Amino acid sequence: MVEVKELTKRFNNLTAVDRISFEARPGEIFGLLGENGAGKTTTLRILATVLSPTSGDAVVNGFSVTREAQKVRASIGFVSSDAGLYDRLTARENVAYFGRLHGLTETAIRERIENAFSWLDMKEFADRRVGKFSKGMKQKVCIARALVHDPPVMFLDEPTAGLDVTAIHAVDEFILRAKREGKTIIFSSHIMSEVEKLCDRVAIIHRGALIAAGTMDELKAKRERFEDVFLRLIGGQNQ
Amino acid sequence: MSRGINLRHAWIVFTKELSDTIRDRRTWWAMIILPIVIVPLMTLIGPRAAIKQAEDVQRNKSDIVVAGAERAPTLVQYLEASGQFNLVAADPATALKDRKALTVIHVPADFEDSLRQEKPAQVRVAFDASDNKSSMVEEKVARVLTMFSQAVVTARLQARGYDPTILTPLAMNFENVAPKEQMGATFLGMILPMLMAMWAATGGLYAAIDVAAGEKERGTLEALLTVPVSRMSLAVGKYLVVVVSSLIAAAISLVGFAVAFRVAPVSLQPGQEVTFTMTAAQVGLIFLVALTLSAFFAAIELTVSSFARGFREAQTYLTPITFIVIIPWILTEFTSPADIPSWYYMVPVMNGVMAFKELVMGIVNPAHIRDTLVFSAIYVVIALRLAGRLFQRESVLFRS
């Protein structure tokens, strides 16, 4: 469960996130749809406690991001588009490092890795250094890393950006699997078809503010209210 | 909220960063190859080449020109009999420039007449002071000319019935009381402190850049900040890796130096080899001082690296550190520890370099060691605080 209340983030004079509120429930994929620079990444970073909000709060898995950051961190998995991994470590070592930082025992880490690597189809390159991996392989490692402590909440910041079709399929599979396991998933994208394909409910973010939220059908029904953004996002889909 | 240091977390970060660092080829270069190769090259081979040249000039005949040789048969005969020179036939005007000869002796037309009439014979010796070897040959020529001059004086005195020893009222013997060991210690006291400071500063450089700026550049920092570990614990784990890397480099440079010293002893003068020994306690204290230097540089490097946007920027900011190290060394290189004011031991880096110099020279001054350790610890804590604070600041973590 994620409850976002009047979340605001200002950088100097720029209001990157402007009093955003929404709610995402367990077993639900919640989409954040918006252009690049709309404030999606900043919102997710605040939810993941990487940034702290200027005002407002969010409750993640029952913990406040402003007051109980460590407990929030123990409850979340974060996957972003620019797969950051330690190139000189193997896929297994990259994931195990995060497992240890999450306080898991070595046995638990081994089990989690075996499990995740097998359904992500990564066994073949599990013990190779990630430096020379393709973007798709790297993203699989990032996913395994985000899942190592079996968090109830997942934040996915444009997780398919720059991936090829096969890799996108693998990421979609992972997202649907997490949904079946009852995790709360917040997924950001600037491509409407992608959001439409996966998300149960969607919030459209424009210049830091949430301008509409609901199911895809509901949003389509009242598109006249935010026509500009909507059209541009549809345009993005055709590129 | 995330200020405390959890040692278990710091240890996890440390072991990961250590194995990551060890797999980096650049680390091996900066931490092991350079210290073990450059040190002997710089300190042992360099002076050796100069010594070898001096020995070469002393042992072998040197090419010289006597301009107007036909006018000075006595001198030419003496020079040849000395067995130290090859008298070459070359144009005296260009011989030095063309390096056909290393020294030219110009003899005046009335040379033999002046000798016979017991008037000073004007001899001009030309050499190239910008050419090391030419200067050495000039010294050799001057020695032989002085001997020639003395031989003439002796002959003249004897002709008048005087004993030549009346010209030697003092029979002087100079004795160097410094034991051979102390000479070696002085020599090492000049070179080793700089080496240690240099490796303490540069040995952890790549690790520092990699664990902070590198983490930003690779995009791993964002994920790392989502784990339930305090940022101070992250900073401490990373800091320890930098300290260890720089200590390893410093230790390896010492080992490289010791090995090179054994294999090919240094001579400060031909035929005089420098010898040197250290007690285990000295070595222990030296490593303690090296640790303070490493700890200080590591804290500075991690702070700067945390502040930088990426690898390149960190490298640009940190490269001058190598030069900063040299300053205290230049200031104290030729100073005996006895002449150093005690406040030097309170200045960062300076104190390490000085304490090091004392220890290498076999001086154990508890007050100096105490000041060095206490003040270094203070500086390390300040620098670490700063690094830790930077790790808390969003504007620094996400500078782009």
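Is it true that B:L386 is part of a helix (DSSP H, G or I), hydrophobic (A, V, I, L, M, F, W, C) and in contact with a Phe, Trp or Tyr (Cβ under 6 Å, 6 or more places away or on another chain)? It would help to see each step written out before you state the result.
Details: part of a helix (DSSP H, G or I): yes; hydrophobic (A, V, I, L, M, F, W, C): yes; in contact with a Phe, Trp or Tyr (Cβ under 6 Å, 6 or more places away or on another chain): no.
Criteria not met by B:L386.
Among residues of the range A:61-73 that are touching a residue at least 60 places away in the same chain (Cβ under 8 Å), those with a beta-carbon under 6 Å from a residue that is among the hydrophobic types (A, V, I, L, M, F, W, C) and buried (at least 22 other Cβ atoms within 10 Å of the Cβ) at least six positions away or on a different chain give the pairs A:N61/A:V153. Consider the range A:98-120 and keep the residues that are of a type in the set (K, R) and more than 14 Å from chain B (Cβ to nearest Cβ). The one that is surrounded by the most Cβ atoms within 10 Å (Cβ to Cβ) is A:R112.
Scanning the range B:107-133 for residues that are touching a Leu at 6+ places or on another chain (Cβ under 9 Å), more than 29 Å from B:D163 (Cβ to Cβ) and either outside the structural domain of B:L75 (by TED's automatic domain parsing) or modelled with pLDDT under 90 (or both) yields a total of 2.
Residue-by-condition table, conditions (1) within 13 Å of A:G34 (Cα to Cα); (2) outside any strand (DSSP E or B):
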site: A:A170; (1), (2): no, yes
site: A:I185; (1), (2): no, no
site: A:L210; (1), (2): yes, no
site: A:E218; (1), (2): no, yes
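Summed over the range B:305-355, the residues that are surrounded by fewer than 15 Cβ atoms within 10 Å (Cβ to Cβ) and acidic (D, E) give a count of 1. Looking at the range A:152-168, which of the residues that are of a type in the set (V, I, T) and assigned to a helix (DSSP H, G or I) is farthest from A:L101 (Cα to Cα)? Of everything passing the filter in the range A:152-168, A:V165 is farthest from A:L101 (Cα to Cα). Among the conditions (1) touching a strand residue (DSSP E or B) at 6+ places or on another chain (Cβ under 9 Å); (2) in contact (Cβ under 8 Å) with a residue 24 or more places away in the chain; (3) away from chain B (no Cβ under 14 Å); (4) outside any strand (DSSP E or B), the only one that A:H149 does not satisfy is (3).
Name the strands (runs of 3 or more DSSP E) wholly inside the range A:10-97 in which the number of residues that are at the interface with another protein chain (Cβ under 10 Å from one of its Cβ atoms) is 3 or more.
On the way: elements: A:14-24, A:29-33, A:55-60, A:76-79.
Fully inside the range A:10-97 and qualifying: A:76-79.
Confirm whether B:W343 is modelled with pLDDT under 80, assigned to a helix (DSSP H, G or I) and not acidic (D, E). Judged against the criteria, B:W343 is not a match.
Going by what's in this entry, would A:R67 be described as out of contact with any helix residue (DSSP H, G or I) (no Cβ under 9 Å at 6 or more places or on another chain), surrounded by 19 or more Cβ atoms within 10 Å (Cβ to Cβ) and charged (D, E, K, R)? Criteria not met by A:R67. No other residue among B:M172, B:M190, B:M196 is under 30 Å from B:M361 (Cβ atoms) and in contact with a Leu (Cβ under 8 Å, 6 or more places away or on another chain) apart from B:M196.
Go through the range B:371-400 and count every residue that is more than 14 Å from chain A (Cβ to nearest Cβ) and under 19 Å from B:R231 (Cβ atoms).
Matching residues across the range B:371-400 total 11.
For the range B:1-106, the helices (runs of 4 or more DSSP H) that sit wholly inside it and include 3 or more residues that are surrounded by 13 or more Cβ atoms within 10 Å (Cβ to Cβ), in contact with a Gly (Cβ under 9 Å, 6 or more places away or on another chain) and not assigned by TED's automatic domain parsing to the domain that holds B:A121 are B:7-22, B:34-40. When A:G162, A:G208 are screened for being touching a strand residue (DSSP E or B) at 6+ places or on another chain (Cβ under 6 Å) and in contact (Cβ under 8 Å) with a residue 40 or more places away in the chain, only A:G208 passes.
The values are calculated or read from the model by the stated rules, or taken from the named source; none is laboratory data. This is a predicted model, so every value here is computed, not measured. Glycine also receives a Cβ, built like all others from the backbone with ideal geometry; neighbour counts cover every protein chain displayed.
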